[in-house]
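Structure first, then comments.
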Amino acid sequence: MNATPQLLWTPSPERIAQSRIHDYIQWLARENNLSLPDYHALWQWSVDDLPAFWASIWRYFDIRHSAPYTRILDEEKMPGAKWFEGAKLNFAEQLFRFHPDDPDRPAIVSQSELRPLTEMSWRELRRQIASVAHALRGMGVRPGDRVVAYLPNLPETVVAFYACACVGAIWSSCSPDMGMASVVDRFGQIAPKVLIAADGYRYGGKDFDRRDVLGTLIKSLPTLEHVVSLPYLKPEVPVPGTIEWRTLLNHDGEPVFEQLPFDHPLWVVYSSGTTGMPKPIVHGQGGTLLESLKGHGLQNDIGESDRFLWFTTTGWIMWNSQVTGLLVGATICIYDGNPGYPDLGTLWKFADDAQLTVFGAGAAYYANCMKAGIEPAKLADVSRLRTIGSTGSPLPAEAFTWIYEQLGQNILLASISGGTDIAASFVGGCPTLPLYAGEMQCRGLGIAVYAMDEQGRPLIDEVGELVVTKPMPSMPLYFWNDPDGKRYHDSYFDTYPGWWRHGDWLRITPRGGAIIYGRSDTTINRYGIRMGTSEIYRVVESLPEVLDSLVVDLEYLGRESYMPLFVVLRPGVALDDGLVKRINDNIRSALSARHVPNEVFAVAEVPRTLTGKKMELPVKKLLLGMALEQVANPDAMANPGSLAYFIDFARRRDAGIAENEAPGQTAG
């Protein structure tokens, strides 16, 4: 059994009484004649009776629709469950029920390294969304067409997304700090009709002109019919041959909301596996809507009086989560730039200037602030904050403690873990439950998530695979260009047939909480940004000196990510400083700076199976300290002797011996 961790927070009676989830439980008692004494009883009901639970979310949040549903759920199967058949709605229409008596209230507060703090009212947001949707229709964009964005995290990006949703177009975005290969690999799969792109961005005080990259991107996407440019880095210099963003804002009129089936595609997001191209995941308008309302409104207790930031780029699923904060009437507050520039106090100062009540960021940000000795309350007025959000990687227990030491006892720490794959959280926060150091408070409502052993038996207080045993409305509709569903099936359902295996190590505690111990598969989750190893291999192995490569991320239970890259070099080639720099520069420019390895090592061979597959997961387990007999069968390997290097590497790392003393390498 595991010892009970430190109790850090117990919600006050006032916090409980004022929470949206408390109101929802009272509403269930009146409307459904349900008596649910606490959150855990509510969760159990929500997974035992999926149709009743999701129907209650529809009714409680008063989903706007033009045609009613005829059936809530056809059957509890995965994949392929059909939700709310017959319903017609529009995702963007849910936005404009809020603040009718105060239309000049801020809907978006924004700041970047290039722009000072600015506000956009709900009135202006409505006008701009209507105008851009009108312009898209004028370009011939129709329901189901793809509109892609290569934009920073700006108000224009939010407007463009909701305009697409109005039309029924399918949205997809990449951040302009992503390299060209990564962007083409993503957008090229979905054949977009319109591209909206910025000319560049500023990060860490440096300007990055992307006009040349934009030109290459346009040539690489032959299906494009229109290109809209946002002169952001140099507003006075138009991008030749493109439609300027400002011309999309000339129409005055009310928004027109295309009425669409519940499962009409809303966006394509990308989650990379360990082989092949990034997976283009399609989520539906209705499922994303319901999950966003439930997650923001009930789990994280965000409402109309809140000002909500989740620091992110447009290439991370947390951007999607951030912009859906508007669906509960909150003011979303967005910051574009380097959170560590000019120092790690930047976001805390923004929290003061934007008057934030909800502050979210990746776990690595809080860990970095803690290590740097940052004291938020000495840098800014953070007294308005009532919720802190964390995700991207496990938040270590000492960071939990640091947050309460720095921000006081009135804070709900909503540490969450979910995924791009479901655009939701499996486990996370609840404003009516106590919180313990290092532990997420609960499993999400309507999500039948368990820690499972290899035989599919649920575990309590033991580490197992994160498995979901019943469907969710926000699970992918399908993967793009996967007509028989094989890639979708193989990504989640091949380990436990009929159940979703996510690829995380999970422990459900006796208190009903949850702890995530990192990835159980080989997808790289680097500071909250997921990338398949195959993307790194394509870049590294494009160098003529590199014959083969293998990469693993040893992030585990809140430890700082350590990602070594192992390379097999051509005979006669040494791994000197120059080659290491070229490897790192290639990864930085083609993929992202976040995926540059901590160290590069030369090895004689990459371990492979008899069928030629790189043995990433066994190597990862070896380097995390597991015994050879637990992770690999030499008889099933093409080159079993190759594991000796990694066994010795793990031994030396555990013993604290410098990696550059490990045998068989030339380190740079």
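Just wondering, is there one or more residues in the range 129-146 that are crowded, with 21+ Cβ neighbours inside 10 Å and among the polar types (S, T, N, Q)?
The answer is no; no qualifying residue exists.
Taking SER112 as meeting all but one of (1) touching a Gly at 6+ places or on another chain (Cβ under 7 Å); (2) under 23 Å from GLU304 (Cβ atoms), write down the number of the exception.
(2)
Considering only the range 624-668, state which residues are under 19 Å from ASP548 (Cα atoms) and at pLDDT 85 or above. Spell out how you get there, then give the answer.
Of all residues in the range 624-668, those under 19 Å from ASP548 (Cα atoms) come to 637-646, 649, 663-668.
ASN639, PRO640, GLY641, SER642, LEU643, ALA644, TYR645, PHE646, PHE649, listed by residue number.
Yes/no per residue for (1) surrounded by 13 or more Cβ atoms within 10 Å (Cβ to Cβ); (2) within 17 Å of VAL568 (Cβ to Cβ); (3) not aromatic (Phe, Trp, Tyr):
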position: ASN598; (1), (2), (3): yes, no, yes
position: VAL603; (1), (2), (3): yes, yes, yes
position: LYS620; (1), (2), (3): yes, no, yes
position: LEU623; (1), (2), (3): yes, no, yes
position: GLN630; (1), (2), (3): no, no, yes
position: ASN639; (1), (2), (3): yes, yes, yes
position: LEU643; (1), (2), (3): yes, yes, yes
position: PHE646; (1), (2), (3): yes, yes, no
position: ALA650; (1), (2), (3): yes, no, yes
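Can you tell me which of GLY485, GLY498, GLY532 is under 22 Å from GLY188 (Cα atoms), out of contact with any strand residue (DSSP E or B) (no Cβ under 6 Å at 6 or more places or on another chain) and surrounded by fewer than 19 Cβ atoms within 10 Å (Cβ to Cβ)?
Exactly one of GLY485, GLY498, GLY532 is under 22 Å from GLY188 (Cα atoms), out of contact with any strand residue (DSSP E or B) (no Cβ under 6 Å at 6 or more places or on another chain) and surrounded by fewer than 19 Cβ atoms within 10 Å (Cβ to Cβ), namely GLY485.
Taking the stated definitions as given, is LEU28 in a helix (DSSP H, G or I) and either in contact (Cβ under 8 Å) with a residue 60 or more places away in the chain or among the charged types (D, E, K, R) (or both)?
So LEU28 does not fit the description; no.
When residues of the range 452-466 are filtered for being part of a strand (DSSP E or B) and either crowded, with 24+ Cβ neighbours inside 10 Å or acidic (Asp, Glu) (or both), how many remain?
The qualifying residues number 2.
When you scan the range 40-51, do you find a residue that is farther than 21 Å from MET440 by Cα, out of contact with any Asp or Glu (no Cβ under 8 Å at 6 or more places or on another chain) and either at pLDDT below 95 or not charged (D, E, K, R) (or both), even just one? Outline the logic, then answer.
To start, the set of residues in the range 40-51 that are farther than 21 Å from MET440 by Cα comprises 48-51.
Within this subset, residues satisfying the condition of being out of contact with any Asp or Glu (no Cβ under 8 Å at 6 or more places or on another chain) are 48-49, 51.
Of the ones still in play, those that are also either at pLDDT below 95 or not charged (D, E, K, R) (or both) are 51.
Checked against the condition, which is being farther than 21 Å from MET440 by Cα, out of contact with any Asp or Glu (no Cβ under 8 Å at 6 or more places or on another chain) and either at pLDDT below 95 or not charged (D, E, K, R) (or both), the range 40-51 yields at least one hit.
Just a yes or no: is a residue in the range 331-351 under 30 Å from LEU42 (Cα atoms) and not assigned by TED's automatic domain parsing to the domain that holds LYS206?
Scanning the range 331-351 turns up at least one residue that is under 30 Å from LEU42 (Cα atoms) and not assigned by TED's automatic domain parsing to the domain that holds LYS206.
Looking only at residues in the range 89-103 that are charged (D, E, K, R) and outside any loop (DSSP other than H, G, I, E, B), which one is surrounded by the fewest Cβ atoms within 10 Å (Cβ to Cβ)? Talk me through it step by step, then tell me what you get.
If we filter the range 89-103 for residues that are charged (D, E, K, R), which is where we start, we get 93, 97, 101-102.
Now narrow it down to the ones that are outside any loop (DSSP other than H, G, I, E, B): 93, 97.
Values: GLU93: 21, ARG97: 11.
Out of the qualifying residues, it is ARG97.
Do we have ALA81 as surrounded by 15 or more Cβ atoms within 10 Å (Cβ to Cβ), among the small types (Gly, Ala, Ser), under 26 Å from the mean Cα position of the chain (by Cα) and over 25 Å from ALA198 (Cβ atoms) here?
Criteria met by ALA81.
Anything in the range 383-413 that is part of a loop (DSSP other than H, G, I, E, B), surrounded by fewer than 21 Cβ atoms within 10 Å (Cβ to Cβ) and among the hydrophobic types (A, V, I, L, M, F, W, C)? List them, or say none.
ILE411, the sole residue that qualifies.
Can you name the residue in the range 243-269 that is of a type in the set (Phe, Trp, Tyr) and touching a strand residue (DSSP E or B) at 6+ places or on another chain (Cβ under 6 Å) and is also nearest to ARG186 (Cα to Cα) among such residues?
Applying the filter and picking the extreme gives TRP267.
Please give the strands (runs of 3 or more DSSP E) falling wholly within the range 170-278 in which 1 or more residues are in contact (Cβ under 8 Å) with a residue 60 or more places away in the chain.
Answer list for the range 170-278: 170-174, 200-203, 226-230, 265-271.
Can you confirm whether LEU214 is surrounded by fewer than 24 Cβ atoms within 10 Å (Cβ to Cβ) and assigned by TED's automatic domain parsing to the domain that holds HIS251?
yes
Please work out if THR288 is under 16 Å from the mean Cα position of the chain (by Cα), under 24 Å from GLU156 (Cβ atoms), modelled with pLDDT of 95 or more and of a type in the set (Val, Ile, Thr). Lay out the reasoning, then the answer.
Working: under 16 Å from the mean Cα position of the chain (by Cα): yes; under 24 Å from GLU156 (Cβ atoms): yes; modelled with pLDDT of 95 or more: yes; of a type in the set (Val, Ile, Thr): yes.
Answer is yes for this residue.
Is there any pair with a first residue in the range 317-344 that is within 27 Å of ASP104 (Cα to Cα) and modelled with pLDDT under 95 and a second that is among the β-branched types (Val, Ile, Thr) and crowded, with 22+ Cβ neighbours inside 10 Å whose Cβ atoms are under 7 Å apart and which are 6 or more apart or on different chains, and what are they?
MET318/THR312; MET318/THR391
A quick yes/no check of all residues on (1) under 25 Å from ALA191 (Cα atoms); (2) modelled with pLDDT under 95; (3) surrounded by 14 or more Cβ atoms within 10 Å (Cβ to Cβ); (4) not hydrophobic (A, V, I, L, M, F, W, C):
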position	(1), (2), (3), (4)
VAL228	yes, no, yes, no
LEU233	no, no, yes, no
VAL237	no, yes, no, no
PRO240	yes, yes, no, yes
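Residue check: is ASP548 under 26 Å from LEU445 (Cα atoms), touching a residue at least 40 places away in the same chain (Cβ under 8 Å), charged (D, E, K, R) and not in a loop (DSSP other than H, G, I, E, B)?
So ASP548 fails the test.
Confirm whether ARG507 is surrounded by fewer than 19 Cβ atoms within 10 Å (Cβ to Cβ), in the same structural domain as ILE317 (by TED's automatic domain parsing) and modelled with pLDDT under 95.
So ARG507 fails the test.
Can GLY86 be described as in contact with a Pro (Cβ under 8 Å, 6 or more places away or on another chain), closer than 30 Å to ALA29 by Cβ and surrounded by fewer than 19 Cβ atoms within 10 Å (Cβ to Cβ)?
On the way: in contact with a Pro (Cβ under 8 Å, 6 or more places away or on another chain): yes; closer than 30 Å to ALA29 by Cβ: yes; surrounded by fewer than 19 Cβ atoms within 10 Å (Cβ to Cβ): yes.
Yes: the conditions hold for GLY86.
The values are calculated or read from the model by the stated rules, or taken from the named source; none is laboratory data. Keep in mind it's a predicted model, so treat the numbers as computed, not measured. No Cβ is skipped: glycine too gets one built from the backbone with ideal geometry, and neighbour counts run over all protein chains shown.
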